[in-house]
1. Spin-label point model (7 Å from Cα, Cβ direction): what's the residue B:108 to residue A:121 distance in nm?
2. Highest mean first, how do A:150-157, B:219-226, B:141-148 rank when packing is the count of other Cβ atoms within 10 Å averaged over residues?
3. Can you work out the FRET efficiency for the pair residue A:87 and residue A:58, with r the C-beta to C-beta distance and R0 = 41 Å, to the nearest 0.05?
4. Could you give the angle, 0 to 90 degrees to the nearest 10, between helix B:110-124's Cα long axis and the longest principal axis of the Cα atoms of chain B?
5. Given H placed on each backbone N at 1.01 Å, which residues far from residue B:312 in sequence or on other chains put an amide H within less than 5 Å of it?
6. How far is it, in nm, from the label point at residue A:6 to the one at residue B:490 when both lie 7 Å from their Cα along the line to the Cβ?
7. Over chain B, what is the percentage of antiparallel beta bridges among all DSSP beta bridges, to the nearest 5?
8. So which aspartates and glutamates can residue B:252 reach, going by Cα to Cα under 14 Å and dropping same-chain residues fewer than 8 places off?
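Just so you know, all these numbers are worked out from the coordinates, no wet-lab data involved. Keep in mind the model is a prediction, meaning the values are calculated, not measured. Cβ sites come from the backbone with ideal geometry, for glycine too, and all protein chains shown count toward neighbours.
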Amino acid sequence: MELALAILITVVGASTPILIAALGELVVEKAGVLNLGVEGMMLIGAIAGFVVQFHTGNPYLALLCGAAAGTAASLIFGFLTLSLSANQTATGLALTIFGTGFSALAGSSYSARPVTLMQPLFPAEFYGNPIGRVIFGYSFPVYFSFVMVVAIWYFLHKTRAGLILRAVGENDQSAHSIGYSVIGVRYLAVMFGGAMAGIAGACFPLLLTPQWAERMTAGRGWIAVALVVFASWKPFRLLGGAYLFGLVMTTELYAKAGGGPLSAVPSELWAALPYIATVVVLVLISLRRDASTNAPACLGKPFLPAN
Amino acid sequence: MPNRLELTGITKQFPGVLANDQVSFAVKPGEIHALLGENGAGKSTLVKMIYGIMQPDAGEIRWNGEPVVVPNPKAARKLGIGMVFQHFSLFEALTVLENIALGMDAKIPSRELEGRIREVMQTYGLVLDPHRTVATLSVGERQRIEIVRSLLLNPQLLIMDEPTSVLTPQEVEQLFTVLRKLAAEGCSILYISHKLHEIKALCDTATILRGGKLVDTCDPKQETSRSMAEKMIGSGLKDIVKAEGRAFGQPKLVINRLRTNKAGHFDVPVDNVSFTVRAGEILGIAGVAGNGQNALLDALSGEIIGDDREAITIDGFGIGMMNTTERRKRGLCAVPEERNGHAAVGDFSLADNSVLTARDRLGMVVMGLINSGAAKTYTGKVIADFAVKALGPSSTAGSLSGGNLQKYIMGREILQKPSVLVVSQPTWGVDAGAAAAIHQALVDLASAGSAIVVISQDLDELRALCDTLAVINMGHLSAAKPVKDFSIEEIGLLMGGVHGASEADHAIPA
């Protein structure tokens, strides 16, 4: 029972940053932009969040600064791809490389310095028993990620602004000819994606490892990008997907620690499992003919007004 | 009563082209006013300025007597100007209702909007289910969305840009009924077209543009189609010269139970298609876009390779399992509908584009090396014979205008003297003079003994050009008959098929 509880709580912790980053990327892609720089924006958010937490000890301020740093990084991407119509794939990859290098440089003097983890959102009385612990025992980002799943679904499908965003991702020329600002909508979406990636990055020092380590996001940004496709651009499927990956990653930890038959499997294999799963899932999805029908039709194409 | 819309001295300069030069005309309330001209005459530029997509360099626009500036389409809609584009600004993955909501400037709750949509549909007899996804709709139905969207704004002027180019004759009639009803209620209509008989049937006034200048404003009912066409082109119009009573030779291209598999989500495959084209014969295939024409062309050209060798035969030789290159060697050349990116590579020079399709037939590749001299000479001949406006064989295909590229592509295939030529939309977007030249070249090729298949949505073109005609609907091909044995009504019914005829009965669910 204790072990199940511990595993569950670890799964939630591991899944939350992936879910938050993927939700941001989902909105970006729904607007027709493919930002492969999620990993880089997460690292920039992570170092910003770490530094603020280290100096102020205020985790909410750390999350906010992580979001701001992620947004700033996304604006580099936005300016290049939206204002200058640069290739989105190449620019996204460059952003990831930049984020990796920048965070390593900015964090070089902080390595191995500890910070305090973010405390649970609710007072301790709420989670004295196991059930309370499962429901109320998490810190703010976990609840935030759940709220955002519903909020993004509602925004995309029930609001006019969401409809416009989908329209821009579906057919940019038509949206332009009707009179919507394609570039404007995409900037907002890219910035939102940056903020979410920044928050997701800041979750790493605040929720998972209370110290700075280079490349501490360890490829989770890439998993987030893959998850968006895996989830067919649907927020609730994204929730399921993120937790599936969280579970696979957590299994690794417990398999190594727990002994028994699971630990007989080489730990490298366990560590590779989420990434193997990503590949398998993407291949399986590609085999389904109609899988791409929910994909935004203009995904990854730069917008140049016809007139 | 002041004029609904009055343009005075409208001028628009593009780099290198004067798109509109001192154009002035007026549209009265309730008038159906035709704007007539060839491709590139400046019609689209003019209406884009009225609708606020572009701004004129000089001149004045008056709306109901008041001078106005229309900075963007939103402002145009606010004035009461609606526009139905030739290429619809629709979102395929969204529903009819969502599409219409996107086009509305005011925020209307979707339930209320749906009510108003149903009201407009009822009033004008435009049947459509608001909850269907656009991707599943026919072109005619898609146009109805655009019309409904415009009508919801209670426009005083509705601009229709080439609205009938993709409709069946019956759909055209339905559209005209709607437009006449609107005009009777006082809405002015600016109707852009180059189809003269439609303008004669529908419009009260016609303004004719040529080369950006206003040529004439006339009453189309007082003019003949020919006199208007000559004003539009600026010179006498040539008729297609066909040798009278020419006899056809042996069956050349024989298609026997050809079928393709469904490839994409919105693709219509062809099923059990059989026809025969004799030497010297031009067979036309009519049909509304999206009824399997693409699959048919791909299956004939070899882009889709079948599993039955005998499904396609040339002079009795089965080529059904050959690829494009092998078929070309056997004498079958094809021109697909999409000219840039499919029939030609935009970033390649014209000479290189010639190598791509003519290399084997004209020996442009020797021992794996391109004979660029031969390619340039041949391309130069195409440019000269088909009056392609290009700097030379080394111009890139993408730098040509659509009509000129089409002339080049048609020329490139025709001058290879294929024994079978399959073309889709041979004169799409080409002006009347050039279209006549392409038609004549096709007729001459047929006279020399080739078998030709023309897939087109333009019935006028098919009736003028072809000897025999068949109609494709939902992947099925009707029996081929001599053109003169078909009435327009009969073709229209075949084009609409079951799909069009019963549409009205089930389109609005209760």
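1. Rounded to a tenth, the inter-label distance reads 3.9 nm.
2. B:141-148, A:150-157, B:219-226
3. Working: r = 39 Å, r/R0 = 0.96.
The computed FRET efficiency comes out at 0.55.
4. For B:110-124 against chain B, the angle is about 80 degrees.
5. Those lying under 5 Å, H to H, from residue B:312 are B:256, B:319, B:320.
6. 8.6
7. 50
8. Partners found: B:281, B:310, B:315.
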